[in-house]
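Take a look at the structure set out below.
The values are calculated or read from the model by the stated rules, or taken from the named source; none is laboratory data. All of these numbers come straight from a predicted model, not from anything done at the bench. Positions of Cβ are generated from backbone atoms using ideal geometry, with glycine treated the same way; all protein chains shown enter the neighbour counts.
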Amino acid sequence: MSSTVHIAVLDDEVEITRLLANYLQGHGYRVSQTHNGGALVRLMADDPPQLVLLDLGLPGEDGLAIARELRQRFRAGLVILTGRGDAVDKVVGLEVGADDYVTKPFDLRELLARIKAVLRRTLAAPAEPASTAASPRYRFAGWDLDTGSRRLVDAQGREVPLTAGEFDLLAVFATHPGRVLSRDFLLEQTRGREAAPFDRTIDVQIGRLRKKVEVDVDDPRIIKSVRGAGYILVAPVTLH
């Protein structure tokens, strides 16, 4: 997979983009280095990457605004790089649609593992026409979740865009209906890692999912919270 994947890196520090480019190219990826939001947006239009590594701390620019624009206009995996210690920045980054985040200074091997995990989700596609057993479809509360095409469609047949992380999280709920799922379980299933202290990744993703599938996010009827235990998909699920 990596030999054909294009990754864009946006960071104002040339040394960092060069380091990341050299490392990722050594693992078979094609890497484009950019140093401001305008250059990245032009690259997205002219030579779209499959994944973007985006630094939030850009002087004179709003990294979160750039992330929001990427999510609204383009389909690509998004991993946020941040040197900020404030957990709020990570939470807000996830709220605008990032698939994952890595805090500077980061270990290159960990970053590569995060990149591979996001790419597995965003580039997932069946090699041949999928059978129902291989790529099931789950229906619940008027929603249709197709794991083959990774699409969520409402009762009127309209697709609701999901990030890779949101899709994986909803798929875990769909395959475990009526069960209380802990944050640690959900994080391990969707990101392959345990929760760190004060990790709000799952809570943020749940909040984003509710905005997309619930009629009233303040009174959720599909994904409910279980105090001190986690979350549960209470809507009946049928397999197609």
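Is at least one residue of the range 90-100 assigned to a strand (DSSP E or B), modelled with pLDDT under 90 and over 11 Å from the mean Cα position of the chain (by Cα)? Step through it out loud before you land on a result.
Filtering the range 90-100 down to residues assigned to a strand (DSSP E or B) leaves 100.
Checking which are modelled with pLDDT under 90 leaves us with 100.
If we keep only those that are over 11 Å from the mean Cα position of the chain (by Cα) as well, we get none.
No, the range 90-100 has no match at all.
Taking the range 14-49 as the search range and keeping residues that are polar (S, T, N, Q) and part of a helix (DSSP H, G or I), which one is surrounded by the most Cβ atoms within 10 Å (Cβ to Cβ)?
Ranking the qualifying residues of the range 14-49, first place goes to THR17.
Filter the range 30-56 down to residues that are of a type outside the set (Asp, Glu) and over 20 Å from THR163 (Cα atoms), then give me how many there are.
Taking the range 30-56 and keeping what is of a type outside the set (Asp, Glu), we get 30-45, 48-54, 56.
Retained after the next criterion (residues that are over 20 Å from THR163 (Cα atoms)): 30-39, 42-43.
Looking only at that region, the number is 12.
Please find, among GLY157, GLY148, GLY178, the residue that is in contact (Cβ under 8 Å) with a residue 24 or more places away in the chain and outside any strand (DSSP E or B).
None of the others qualify; the one that does is GLY178.
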